[in-house]
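What follows is a short report on a single structure.
Each reported figure results from applying straightforward, stated rules to the coordinates on display, with no laboratory input. Fair warning: this is a prediction, and the values are worked out from it, not measured in the lab. Positions of Cβ are generated from backbone atoms using ideal geometry, with glycine treated the same way; all protein chains shown enter the neighbour counts.
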């Protein structure tokens, strides 16, 4: 499972959840606290997840933590 930590404004959590749900199984979101999120996706969808998170970083000022900090479960 591919895992990324993402920080967004609390008001954007529902928006991000809706985007992931509409992305046909791209990933699952887990809320840790407020806008501190963990996004998990299948390894074969990594490119799509990276593209989506890059777009969100630009559009809603999301902060995507580096992969090494987020972790990857193999």
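Between residue 32 and residue 45, what is the label-point separation in nm under the 7 Å Cα-to-beta-carbon projection?
Output for this residue pair reads 2.1 nm.
Just the number: Rg to Rh for the chain, Cα atoms, Kirkwood Rh, two decimals.
0.92
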